[in-house]
Structure formats: C-alpha cells, structure tokens
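Visitor: Got a structure for you, questions after.
Every number in this text was worked out from the coordinates using simple rules, so none of it is lab data. If you're wondering where the values come from, they're calculated on a predicted model, not measured in any experiment. Every residue, glycine among them, receives a Cβ derived from its backbone with ideal geometry; neighbour counts consider all protein chains shown.
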Amino acid sequence: MGVRIPPRVRNPDTFRDFFIRDSHTNEHITRKLREFARHLREGHENGQSMNELRSEKREMMQTIYNLLCMNLGTPPETFNWQTRDKDKKFIRFTDLTPLKFYRETVGVDLKEKICLINAPMRNKSYRTLYTVQYLGNVSEGRIVRYINLPSEDLKKFAIASIRNNEAVWFGCDVAKMYHSSFGVMDMNLYNLPLIFNTGFQIDKCGRLEYGDSMMTHAMVFTGVDIRDEKSVKWRVENSWGDKRGDKGFFLMTDEWFDEYLYEIVIDKKYLPADILKIYESKPEALSPWDPMGALAVTGEP
C-alpha cells in the first residue's frame, strides 16, 4: 500500500518535519479520527447503508495510514539489523521480516505469558479474571486478560522467574515517590508530612478509585534482593538511557512495589494449576476507562 501525499503539500519532507518537530502527530491523527467518526455517525442517521459506510471507512483508514507513513515512514517488508553479543562480538542479520526476527531472534513465546494485576478496588475481587472493554482492539488478536491477585503473589511469581534468569515486565505509576536522577523508588524518599504539615493517608484502593494513581510506565525486573526468604528491594531496568539511575538501572523498595506496582507479565510455567485454571475462565469486563487499562492509553512521562 503506497503513501498518497495530498496535492497541496508541495514538499513532503517539510510536511513530515513539521509534524515530528512539533510533536503533534497524535493530536492531528486523533482530530482526523474524530472528524471521520462524526461523518460516519451522521451518515448512519441520514440513512446511508452499511455497505456505503464501510466503503467510506476504508477510504478513511487509507488517509490515517498515509498520515502515519508521513510521520513514521512506510513499514518495510524486510530490514537489516546489527548488534553485539555479550562478548562484544559484532553480529549482523540481513533480509529479516518482522515475523522472522521475532521467531528466530527474540525467542519468546508470547502465548505462554500471562498478565497478573494487583488492583485492591471495591469493584474487583482477587483470584478473578478480568478484561477491559475495547483494549484488545487488534484485528485477529487476543483479548486482554488480567488475573487479579494479592501483591505477595505477584512478588512470589516474579522471584521465581528472576531466579531462573528470566526478566519480568511490569507496569507501575513511575512518578510517585521517585527520584529521576538517582533512579530510586522508595516510599520513604520524601518526608511529605514534615514539609506540608499534613499526612497523605489515602491507600492503594483509594488512589485507584479516585484517580490519584494508575499505570503510567512499563519497565523490567532483572534482579531482587532477598533476605530471610523475603524480597527487600528490586533491580529495575528502564528504557530512558544510561543517564538516569545507575547506568539506566533503578532501585525499587519492596514497600514501593506494594503501593505503586499494578501489573506483571509472567510465564505460565511459574504459575500453579489453580491460577492457570482461573486464566481459562470467562473474564469479567471492566469499563474502558478503568485504571487497569491506563497503560495502553496514556503517554509515558
């Protein structure tokens, strides 16, 4: 599918640079989608047939595709990739397709991964499977499924994975009780009652239900400090470069995990049979605006 540059745009490079430089890509695409949504709904109200509306929708999606290509480039059919292994040996891969790269290089079977959440809210129960309406809106894709479990269970399964040298993806509210330069996430990092002469007593349930907290960023656990069979602190690998924290690695205390971590992705082999059975049950659907769907719709700080 080619990119059709509108006739009024005389210099495509200038047009592309304008969007990227001003960081308005999402704003313009969202505005166009709203325009299209209004047009289709009004067409339906005025008696247009479904065939006519779907035909118009296909043209609209072509426009959105064009806008994305102008900003991000046309998706390549094949690409080359080069890196160095852990021994600093140079490696080059050529004529890769996305699927070939995933299957031969990534080596992760996503079908074996399960999302676990910790959401101690009044509209949710532990050991229950949830989904979020409209979140898994990928053609031919699987719906999002979350098993809600106590924080201690998430820790137990994450520790099992790390002990087997497998990193653990997680979602959290990164900006709370956090120091960017030091890369520290600690509930005792700031003495807010001393500064403001008042305490902040709202708990995890209240923060979620009243919009004070939600998932805003994803990172990876690559290590855990265990004393007397209990986790004390966690080593976190972030994606913001090596200028923050210790060459890109952060420290998270166990108490911070309890308060601001909401989701982990874990391999099925670390989960007991009773948890796996929950994953095969029919999920309860949460509203599209539920905080457990926030990571997919919010931008990172």
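Visitor: Report the gain in length on full extension from residue 242 to residue 181: 0.36 nm times residue separation, minus Cα-Cα distance, nm rounded to one decimal.
Guide: Values: separation 61, 0.36 × 61 = 21.96 nm, distance 1.04 nm.
Extra length available between residue 242 and residue 181 comes to 20.9 nm.
Visitor: Which of the lysines could a cross-linker bridge to residue 269, judged by Cα under 16 Å and excluding same-chain residues fewer than eight apart?
Guide: Qualifying lysines at Cα under 16 Å: 111, 113, 155, 156, 277.
Visitor: Using helices alone, what [θ] at 222 nm do you get for the chain, with -39,500 (n - 2.57) per DSSP H run of 4 or more residues, divided over all residues and rounded to the nearest 500? Provide the component values of the computation, followed by the final result.
Guide: Values: 10 runs with 101 residues, N = 301.
Mean residue ellipticity at 222 nm (helix-derived): -10000 deg cm²/dmol.
Visitor: At a Förster radius of 25 Å, what calculated FRET efficiency corresponds to the Cβ-Cβ distance of residue 27 and residue 212, to the nearest 0.05? Please report the intermediate quantities before stating the final value.
Guide: Working: r = 26 Å, r/R0 = 1.05.
That pair, residue 27 with residue 212, gives E of 0.40.
Visitor: Suppose R0 equals 30 Å; then what is the FRET efficiency for residue 112 and residue 79 from their Cβ-Cβ distance, rounded to the nearest 0.05?
Guide: 0.70
Visitor: Give the calculated FRET efficiency between residue 277 and residue 88 to the nearest 0.05, with a Förster radius of 30 Å applied to their Cβ-Cβ distance.
Guide: The pair residue 277/residue 88 has a calculated efficiency of 0.05.
Visitor: If you bin every alpha carbon distance in the chain into 20 Å steps from zero, what whole percent lands in each bin?
Guide: Spelled out bin by bin, the chain gives 24, 53, 22, 1 percent.
Visitor: Now a separate question. I need the Kirkwood Rh of the stretch 125-283: take the reciprocal of the average 1/r across all distinct C-alpha pairs and report it in angstrom. Each step should come with its number before you reach the end.
Guide: Details: mean 1/r = 0.0582 Å⁻¹.
About 17.2 Å for the stretch 125-283.
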